[in-house]
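Trainee: Encoded as structure tokens, here's the structure I'll be asking about.
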Amino acid sequence: MLHINISGEILVLTRMYSRERGRRMHSEHESVEHGSAKPGLRYSVSDWDTSNKQISDTAEHRRHMSHMTRQEGRALRNETTSKTNWDKSDSSRRLSDRIWDISRWRETLESCIQEVEKEMDALTLGKEETERALTATAVPLEVTVECLTLREGRRGNELVSDPVEAQLKKEVEMIDGAQRVFQQGIDKAFEQLCLLQVSRQQLTHDLQNKIEAQDIDLSCLSITVTSPKISLKPNPLRIPIGSTTPQQWEQFSQYNVDRAQEEMQASLQLREDMSVTRVQLQNELDAQRIATVFAIRKRTHHLEQARNETQWQMKSSQDEISDMERDIRSLEDDLQAKMAPLKLVHTRLENRTKRPGVDLCRDEVQYGLVDEANQLEATILALKQKLAQAQYALQALQLHQAHMEEDLSHKKDALFLEQRSLETRGRLASAAFTDVSSGAVVPLTNSSGRHNLELA
């Protein structure tokens with residue numbers, strides 16, 4: 001209020017001075033124009049004294065007002081200087097605080113970026129291990145399909161749907177399922193890597209902005225009133241387009257950090273899931289591989305037993321055929337041997353029919369010869385029947401012997417195919433040994449999920 005009153009008085013006095021000066025100049029101008037043609041105005045002594053006193057009072061008042069103005073000016077200078085210095089110091093302090101806030105967030109962002117990059121490396125390693133596990137299923141699948149194809153070469157009654165075929169088909173289904181699961185894990189890992197990449201880009205962009213803002217604030221903090229680069233700027237109090245509040249500024253960085261933390265947590269969970277899945281599927285495939293090998297070995301053992309049994313039966317049948325052939329020859333010999341006695345008795349009977357007269361008697365000789373003929377004919381008939389039976393039995397033995405030979409051939413072929421299947425599956429053990437010796441297998445850890453599977 002004091003400043004306002006003083007300024008008002010100064011303004012009034014300035015205006016009075018201007019009017020008095022204008023009046024005097026006008027009077028002098030008129031006097032010059034008219035010269036001394038008209039006498040000047042006369043004043044009394046009292047007016048003169050009053051005028052002198054007024055001049056003195058006015059001068060004293062003017063000095064007083066000037067003194068007050070100087071004092072107020074000095075006070076104003078001191079006050080404005082202090083205020084300017086304080087504002088400058090406060091602005092510098094605020095700049096320092098702002099630089100510290102930016103530094104704090106800069107460290108947070110840098111640390112978060114490092115964590116994101118580590119998680120990306122770990123997830124990439126887990127993805128590569130899953131890819132190797134997926135690649136490792138190619139050989140087991142190829143071997144299993146080859147075994148199924150080999151067993152399709154069985155012939156006759158050996159072409160059966162046995163437990164070996166069931167185990168092989170189950171193994172193919174398990175490998176197909178494992179490949180689908182591995183591929184799903186790889187796809188999820190790729191998507192998660194993309195999300196982590198986006199988070200890292202956002203964090204990096206935010207960090208670059210904060211580094212640039214910190215450099216600008218450090219530059220502002222370093223300049224002083226004596227710096228050569230300072231100057232007046234047009235409309236420096238304007239609010240730039242896109243300006244944010246401190247709350248929005250902090251919320252933006254906090255959102256980026258929180259999102260990165262969420263993506264890293266999701267990545268960690270995904271790595272753990274892939275690790276557990278790889279181990280679980282490896283155990284299941286190993287168990288199925290053992291079950292398949294056990295079924296093949298069991299089937300091979302049964303085939304060997306059946307082959308041995310067939311060979312023994314063939315040997316026994318061959319011995320029986322030999323015996324039967326000898327007996328048939330004996331029957332034929334006996335049958336041939338009975339022809340001479342039959343001829344003899346027939347000749348005797350025929351000759352005795354030529355006896356004359358009453359000598360053509362049916363005596364005991366006649367009855368004996370008839371009995372002998374009947375007996376020989378019955379013997380010959382029995383021998384012929386037995387010979388026919390023996391020949392039929394021999395033919396049946398020979399037919400069955402041929403059938404057993406064919407069956408034995410099928411069994412040998414089936415046994416050979418089972419042995420080929422075992423030899424083919426031996427590639428799985430060699431492939432697993434190669435994976436172990438090459439150092440591709442890394443033990444499972446819960447922190448990084450680094451491990452590999454021996455899909456054999």
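Trainee: Write out, first by first residue and then by second, each pair whose Cβ atoms fall under 6 Å of each other, whose residues are 6+ apart or on separate chains, and whose first residue, in segment 191-202, is touching a residue at least 40 places away in the same chain (Cβ under 8 Å) and within 17 Å of SER111 (Cβ to Cβ) while the second is part of a helix (DSSP H, G or I) and acidic (Asp, Glu).
Mentor: Cβ pairs passing all conditions: LEU196/GLU263; SER199/GLU263.
Trainee: Given the conditions (1) under 30 Å from THR84 (Cβ atoms); (2) surrounded by 10 or more Cβ atoms within 10 Å (Cβ to Cβ), and given that PRO228 satisfies all but one, which numbered condition is not satisfied?
Mentor: It is condition (2) that PRO228 fails.
Trainee: Pairs only if they're at least six apart or on different chains, beta carbon under 8 angstrom, first in segment 230-246 and more than 20 Å from SER219 (Cβ to Cβ), second modelled with pLDDT of 85 or more and surrounded by 10 or more Cβ atoms within 10 Å (Cβ to Cβ); list them, first residue then second.
Mentor: From segment 230-246, the pairs are THR244/PHE252.
Trainee: Yes or no: segment 306-320 includes at least one residue that is within 60 Å of the chain's Cα centre (by Cα), of a type in the set (A, V, I, L, M, F, W, C), assigned to a helix (DSSP H, G or I) and within 30 Å of LEU168 (Cα to Cα).
Mentor: Taking every residue of segment 306-320 in turn, at least one turns out to be within 60 Å of the chain's Cα centre (by Cα), of a type in the set (A, V, I, L, M, F, W, C), assigned to a helix (DSSP H, G or I) and within 30 Å of LEU168 (Cα to Cα).
Trainee: Still on this model: Checking the conditions here, which among ILE321, ILE328 is within 22 Å of LYS412 (Cβ to Cβ), touching a helix residue (DSSP H, G or I) at 6+ places or on another chain (Cβ under 7 Å) and of a type in the set (Val, Ile, Thr)? Lay out the reasoning, then the answer.
Mentor: On the way: ILE328 fails: within 22 Å of LYS412 (Cβ to Cβ).
Just one listed residue meets the conditions, ILE321.
Trainee: Right, another one. Filter segment 128-156 for residues that are open to solvent by 20 Å² or more (accessible area, probe 1.4 Å) and hydroxyl-bearing (Ser, Thr, Tyr) and give the result.
Mentor: Selection gives THR135, THR149.
Trainee: Output the residue which, of all residues in segment 166-182 that are charged (D, E, K, R) and within 14 Å of VAL293 (Cβ to Cβ), is farthest from the chain's Cα centre (by Cα).
Mentor: Let us first name the residues in segment 166-182 that are charged (D, E, K, R), namely 169-171, 173, 176, 180.
Those still in the list that are within 14 Å of VAL293 (Cβ to Cβ) too: 170-171.
On the way: LYS170: 25, GLU171: 23 Å.
That would be LYS170.
Trainee: Using the structure shown, decide if ALA136 is in contact (Cβ under 8 Å) with a residue 40 or more places away in the chain and in contact with a Gly (Cβ under 8 Å, 6 or more places away or on another chain).
Mentor: Details: in contact (Cβ under 8 Å) with a residue 40 or more places away in the chain: yes; in contact with a Gly (Cβ under 8 Å, 6 or more places away or on another chain): no.
When the stated conditions are applied, ALA136 does not pass them.
Trainee: Name the one entry in ASP90, ASP57 that is among the acidic types (Asp, Glu) and within 60 Å of the chain's Cα centre (by Cα). Break it down stepwise before answering.
Mentor: Details: ASP57 fails: within 60 Å of the chain's Cα centre (by Cα).
None of the others qualify; the one that does is ASP90.
Trainee: OK, next. Taking the options THR130, THR108, THR124, THR137, name whichever one is modelled with pLDDT of 90 or more, closer than 19 Å to SER421 by Cα, of a type in the set (Ser, Thr, Tyr) and within 35 Å of the chain's Cα centre (by Cα).
Mentor: Values: THR130 fails: closer than 19 Å to SER421 by Cα; THR108 fails: closer than 19 Å to SER421 by Cα; THR124 fails: closer than 19 Å to SER421 by Cα.
None of the other options fit; the residue is THR137.
Trainee: Next question. Do we find that SER243 is among the small types (Gly, Ala, Ser) and surrounded by fewer than 20 Cβ atoms within 10 Å (Cβ to Cβ) in this structure? Break it down stepwise before answering.
Mentor: Working: among the small types (Gly, Ala, Ser): yes; surrounded by fewer than 20 Cβ atoms within 10 Å (Cβ to Cβ): yes.
Taking the combined requirement at face value, the residue satisfies it.
Trainee: Among the listed residues LEU159, LEU168, LEU109, LEU95, identify the single one that is farther than 30 Å from ILE223 by Cα and open to solvent by less than 60 Å² (accessible area, probe 1.4 Å).
Mentor: Details: LEU159 fails: open to solvent by less than 60 Å² (accessible area, probe 1.4 Å); LEU109 fails: farther than 30 Å from ILE223 by Cα; LEU95 fails: farther than 30 Å from ILE223 by Cα.
So the residue among LEU159, LEU168, LEU109, LEU95 that is farther than 30 Å from ILE223 by Cα and open to solvent by less than 60 Å² (accessible area, probe 1.4 Å) is LEU168.
Trainee: Every residue in segment 116-127 that is touching a helix residue (DSSP H, G or I) at 6+ places or on another chain (Cβ under 9 Å), surrounded by fewer than 16 Cβ atoms within 10 Å (Cβ to Cβ) and either acidic (Asp, Glu) or not in a helix (DSSP H, G or I) (or both), please.
Mentor: Passing the criteria: only GLU117.
Trainee: Only residues that are closer than 30 Å to LEU399 by Cα and either in contact (Cβ under 8 Å) with a residue 24 or more places away in the chain or not in a helix (DSSP H, G or I) (or both): list them for segment 324-350, please.
Mentor: Residues satisfying the conditions are MET324, GLU325, ASP327, ILE328, LEU331, GLU332, ASP334, LEU335.
Trainee: Within segment 357-371, track down each residue that is open to solvent by 70 Å² or more (accessible area, probe 1.4 Å) and either in a helix (DSSP H, G or I) or of a type outside the set (A, V, I, L, M) (or both). Quick ask: steps written out before the conclusion?
Mentor: Just the residues of segment 357-371 that are open to solvent by 70 Å² or more (accessible area, probe 1.4 Å), to begin with: 358-360, 362, 364-365, 367, 371.
Passing the criteria: VAL358, ASP359, ARG362, GLU364, VAL365, TYR367, ASP371.
Trainee: Is it fair to say VAL257 is surrounded by 14 or more Cβ atoms within 10 Å (Cβ to Cβ) and part of a helix (DSSP H, G or I)? Walk me through how you get there before you give the answer.
Mentor: Details: surrounded by 14 or more Cβ atoms within 10 Å (Cβ to Cβ): yes; part of a helix (DSSP H, G or I): yes.
For VAL257, the condition - surrounded by 14 or more Cβ atoms within 10 Å (Cβ to Cβ) and part of a helix (DSSP H, G or I) - is met.
Trainee: From the list GLN280, GLN305, exactly one residue is under 30 Å from VAL160 (Cβ atoms), open to solvent by 80 Å² or more (accessible area, probe 1.4 Å) and either of a type in the set (A, V, I, L, M, F, W, C) or free of Cβ contacts under 8 Å to residues at least 40 places away in the same chain (or both). Which is it? Walk me through it before giving the result.
Mentor: Numbers: GLN280 fails: under 30 Å from VAL160 (Cβ atoms).
Criteria check complete, one pass: GLN305.
Trainee: Residues that are of a type in the set (D, E, K, R), open to solvent by less than 50 Å² (accessible area, probe 1.4 Å) and closer than 30 Å to HIS410 by Cα: does segment 196-207 have at least one? Show your work before the answer.
Mentor: The first filter runs over segment 196-207 and keeps only residues of a type in the set (D, E, K, R), leaving 200, 206.
Now drop any that are not open to solvent by less than 50 Å² (accessible area, probe 1.4 Å), which leaves 206.
Narrowing further to those that are closer than 30 Å to HIS410 by Cα: none.
No: zero hits.
The values are calculated or read from the model by the stated rules, or taken from the named source; none is laboratory data. Computed from a prediction, not measured in an experiment: that's the story for all the values here. Heads up, the Cβs are rebuilt from the backbone with ideal geometry, glycines too, and the neighbour counts pull from every protein chain shown. Please note that ligands, DNA and RNA were not included when accessible areas were found on the heavy atoms of the full protein model with its side chains. Shrake-Rupley method; radii C 1.70, N 1.55, O 1.52, S 1.80 Å.
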